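Each value in this text was obtained by applying a stated rule to the coordinates, not by laboratory testing. Remember, predicted model here, so these are calculated numbers, not experimental data. Methodologically, a virtual Cβ is constructed for each residue, glycine included, from the backbone with ideal geometry; neighbour enumeration extends over all protein chains shown.
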């Protein structure tokens, strides 16, 4: 896992912040080791509950990509194209 700060929003509850970090960690796993599609998509669905707006999603994902060099957009895009019970590796 990265040695960097995850993008945050001060309005989130502790639980929401933990869930957003968990989503970014699934992206890291997708790049570093591979992750089950369903795990990534479940984390993404929870992320979208917390960050429903496209503009904020894009801003947070871009911030994460800047510090980590991992693209949440590319990982989710690949996961959406894969069948269930499939491992995602970028």
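What to note about this one:
- Degrees, to the nearest 10: 72-81 long Cα axis against longest axis of the chain: 40 degrees
- Residue-averaged 222 nm ellipticity for the chain, from DSSP H runs of 4+ at -39500 (n - 2.57), nearest 500: -21000 deg cm²/dmol
- q = 0.11, 0.23 Å⁻¹, the chain: log10 I(q)/I(0) [Debye, one scatterer per Cα]: -0.27, -1.19
- With the simple model of a label 7 Å out from the Cα in the direction of the Cβ, residue 54 to residue 18 spans 3.3 nm.
- Nearest 10 degrees, 0 to 90: helix 14-32 Cα axis against the chain principal axis: 40 degrees
- When peptides 38-45, 11-18 are sorted by average Cβ neighbour count within 10 Å, with the highest value leading, the order is 38-45, 11-18.
- Per-peptide average of other Cβ atoms within 10 Å, ordering 64-73, 79-88 highest first: 64-73, 79-88
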